[in-house]
Every structure is written in C-alpha cells, then in structure tokens.
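Working notes, beginning with the structure itself.
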Amino acid sequence: MADKNGKLNLKNLTFSDSVSYYFDKAAPFTDSPQGLLDQIKACNSIYKMNFPVKYGNQVKVIEAYRVQHSHHRLPTKGGIRYSLHVDQDEVMALAALMTYKCALVDVPFGGAKGGIKISPRNTSPEILENITRRYTSELVKKNFIGPGIDVPAPDYGTGEREMAWIVDTYMTLRPGEIDGYACVTGKPVSQNGIKGRTEATGRGVVYSLNEVCSYKDDMQQLGLEVGLDGKRVIIQGLGNVGYHTGRIIQEYGAVVIAVAESDGAIYNEKGIDVEALHKYRIEKKSVKGFPGGKYIADSISALELECDILIPAALERQITEVNAPRIKAKIIAEAANGPITPGAEKILLKKGTMIIPDIYINAGGVTVSYFEWLKNLSHVRFGRMQKRYEEKHQSNFIKLVEDLTGKSVPKSRIDSLIHGADEIDLVNSGLEDTMINAYRDIREFKKRKRNVTDLRTAAFAVSINKIRDSYYTMGIFP
Ligand code: GLU
C-alpha cells in the first residue's frame, strides 16, 4: 500500500487495499489489542477455481472464486457476482466488506463473497445454468457451501434464478439434508425463499435515508430540510438495488431527477417515473429514447448534476479523484459496494459532503437473507403461528371498546386495526428496525469520539468493536 518512502498514495490502492485503509483509519478509535485487529483484518480462506464449460462446439475455461474473509461467526455469508471485472482482489475486498457489514447490523455471520468471471448479458441461460451448477459442485467438493458453513446469495449479475440452480444442485449432491434449503439465500419464494428479499437492499437504503434525514442538526448543517419529502435524488444503476431504491424513495415523496445507466442517463427536473423507466429499459434494452426525460449520452457526467442525495447503486470505484471535485450532492448514499475511492472520499469530506457508507446503507440485503436463513432452519413461514391469533385478539379488543363506549369503530379503520402480521410485514419491520438501530449506533459513536469526523470511520469502528466482542465471548482473546 505504501510507496518506498513509506507514504501512502491513495491513487495506487487496489479495492481490497481501500477496505484495509478504512479499517486502519478506524482501528485507533476501537479498544482492541493489535493482534486481534490483525486477526479481524486478515482474509481467512481463498478458493480460486478454473473449470471447463461447453459453449456450443467449444470448451472455455471459467475462472471463479469464493473467499471467506472471517470465520469469527459461522456460517460465512455473501453474494456471488457474475461480471467480467471479477478478480481475486475484488472478491477479497467484497468479502471483507461483508464481515464488517454483518457485524454492524448484528447479523451473526462471518463475511464471504464469490465471483465468476463471465458476462451474464452475453451468455445464454443454458450456459449460465451449466456454469452455476458446476460452480456449486466445486464448492460442495471443497466444503465451501452449506447451511452452517458458507451461505451464498445474489449480487451483481445474479438473482433468484441462479440461487434456485444453486439450491437444486446442492440438494442433489446432499440428499436428505434436513436444513439443506438454508445453503443459499435470495431463492425464489416458491423454493423456500422469503417475501421481501428481492427488494430488501433498496428498501433498506430508503429506511436508512429516512432515518439519516430525520435529524434536524445534521440536516441544518447540510442546508437541507428534515425528511425525505421533496429531496432531489440521482441514482446510478437501474439493476435490482437502484430500481427498488428509486421506486420506494418516490413513495416517501423524494423526486428522482436523474437515473444513470451504462448506456446513458435520463434527466428530468420534475421527476422521473422510475417504474416506467425500468419497464422501458427491459423492453428496449436501453434507456435511450425514454419519453419521460432528457437523454444524456455521457452517463457518468449525470452524477455531477445539482441534487440533494446521490445514490451510486452500480459497481465499485465510480466516484474517483477525477470526478469527485465536480460532485454537488450534499449526501451520498453508497447503495453499491465501494463506489467511492479513498482519494475521492478525502475530497468529498473536505467539501462537507455527508457519505453514508456501504457497510451500513446496503446491509438490508444480508439482513433479510438472515431472516430467510432463519425461516429455512425453523421450517416455518414467519407469521404462520400467530397471525390469526392476533386478528382474533384485536377484534375482541375492538368489541370491548365498542361495548364500553357505546360507539362503533368506523369500518374503514377496522381492517388495519385487526390485521395480523404476514411474513412481509414482519420482514419489513425487522429490516426497518435493524437499519434504524445501526444508524443510531454509528451516529452516537461519531458524536462521542470527537476526532471521528466521518460516518465511515464511525461505522468501521462500531463494527470492529462488535467483532472484537464476539472473539472475546468465544474465549479466544481472554
Ligand atoms: N450481495 C449482497 C451484499 O453485498 C447480499 C449478500 C447476502 O445476502 O448474503 O450485501
């Protein structure tokens, strides 16, 4: 990381160097001995594999990885991405981020990540299925997957279809394993997935931003009003995370003024209908020509438009020392993993930009993955036992109120009063509670430690302290 004079040049950092840099920046604010810090930071296991796959008449060698960064809690957890950018450094960085993310939101897993170096867009579904199944059997062979070992999930370029192939392959190779469905999360609901997982990361981003924008002092400092209502938002990426974030943030009254995609951006000061843009893009395979806004060919330049909140929800390293000086957003919410480089962060913090770090704000996905894993282990849908009981209890209570007061409760209010919690209600309320509590921890830590001036350092420090505590309770460092 350091040059020959021992100086750190932020420009030369790889992605995993940047994660280590953030760790080192936060470590002095934690109360952990150096040896334990070294253990927390170290990457535990790296499995690199190459396997052959048939592409028509040809055979191609596929490069793939699974990295387990930390085993302080088991299973390890993290998505699998399909992208041509996949390499060992990227997967290591993403696995480390998973460790800190899980600890921060009290999800009791170590961090892991997987990656396959392919372009999912240019690969047929048949070949994608072959690759996914072969990858899964490689993981099984090396004991790198299992409900108590390592539990993958979707990430960039993968979704519930790939997770269904993974669980099916796993169950074929491990027949009769009673908890086998918990070997992967983000599965289709029909395959023992959970309602609300698909949109969980985006919903978590919005719950978090709603909490972030609720503090008067913080908003005043940025020259903003309290609340999400009326906030002008720019989103980069209309994949799973960007799309759901955009759709849900509009329900809170925010105005999405620009959406940047790989083939151009759409801009409309009056607001873009995210649902309509998403539909258009799926149909036309491009955002170009969307009637609800102006097309900007230079997509990345859209991040520099005037706005209140910028949400990078695509890939890492999108905001660098080159474009950071031109970014005007007051708040940047890292819905993607690692979208801001350390050099860019320095420039942004100097300008007073509030950066809500990835390890906090995109933790909604893994939080609901945790709920799915719990559901799979308990073999029962959330809400199944108590929903009807709750409804009976509430309607008895309403009857009592009516008897005592002699007045009847309006019909229009009865439904919402007696509604017992379904799986989706419980998932969303568990998610909201998690995101709110984690932000309070980070914000309070930052307030308490006067030399901590940014939320990322506070988030890393809170996370490191939680990991340290789990080592202590394991009796490893008494
Ligand atoms: N890939 C997601 C992330 O980066 C989700 C991981 C999971 O659900 O395990 O957080």
Name the one entry in Lys7, Lys25 that is at pLDDT 95 or above and more than 16 Å from the ligand (Cβ to nearest atom). Lys25
Search segment 332-346 for residues that are at positive phi and pair each with any residue that is not in a loop (DSSP other than H, G, I, E, B) when their beta-carbon atoms are under 8 Å apart and the residues are at least 6 apart or on different chains. Gly338/Phe15; Gly338/Ser18; Gly338/Val19; Gly338/Ala93; Gly338/Leu94; Gly338/Leu97; Gly338/Asp358
Selection status of Gly242, within 16 Å of the ligand (Cβ to nearest atom) and either among the hydrophobic types (A, V, I, L, M, F, W, C) or under 19 Å from the mean Cα position of the chain (by Cα) (or both): yes
Positions within segment 341-369 being more than 16 Å from the ligand (Cβ to nearest atom) and within 22 Å of Val105 (Cβ to Cβ), in sequence order: Glu345, Met354, Ile355
Restricting segment 97-142 to residues that are among the hydroxyl-bearing types (Ser, Thr, Tyr) and over 30 Å from Ile282 (Cα atoms), which is farthest from the chain's Cα centre (by Cα)? Ser137
Applying the selection to segment 327-339, what residues are more than 12 Å from the ligand (Cβ to nearest atom) and open to solvent by less than 10 Å² (accessible area, probe 1.4 Å)? Ile327, Ala329, Ile331, Ile332, Ala333, Pro339
If Pro152 satisfies every condition in (1) part of a helix (DSSP H, G or I); (2) within 13 Å of the ligand (Cβ to nearest atom) but one, which is the exception? (1)
If I filter segment 52-64 for residues that are modelled with pLDDT of 95 or more and among the aromatic types (Phe, Trp, Tyr), do I get at least one hit? no
Hits in segment 210-220 - residues which are touching a residue at least 12 places away in the same chain (Cβ under 8 Å), assigned to a helix (DSSP H, G or I) and either basic (Lys, Arg) or within 11 Å of Ile331 (Cβ to Cβ) (or both): Val212, Asp218
Near pairs, Cβ below 7 angstrom, 6+ apart or cross-chain, from segment 423-439 (more than 21 Å from Tyr100 (Cβ to Cβ) and among the aliphatic types (A, V, I, L, M)) to any residue that is open to solvent by less than 30 Å² (accessible area, probe 1.4 Å) and not in a helix (DSSP H, G or I): Ile424/Gly196; Leu426/Gly383; Val427/Ile194; Val427/Gly196
Within the group Pro175, Pro147, which residue is within 15 Å of the ligand (Cβ to nearest atom), more than 25 Å from Glu261 (Cα to Cα) and not aliphatic (A, V, I, L, M)? Pro147
Does segment 366-376 contain at least one residue that is in a helix (DSSP H, G or I), open to solvent by 30 Å² or more (accessible area, probe 1.4 Å), over 21 Å from Met435 (Cα atoms) and not polar (S, T, N, Q)? no
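The values are calculated or read from the model by the stated rules, or taken from the named source; none is laboratory data. These numbers come from a predicted model, not from an experiment. We place every Cβ from the backbone using ideal geometry, glycine too, and count neighbours over all the protein chains shown. For the accessible areas, the whole protein counts, side chains as well, though only heavy atoms, and no ligand, DNA or RNA atoms are used. Shrake-Rupley method; radii C 1.70, N 1.55, O 1.52, S 1.80 Å.
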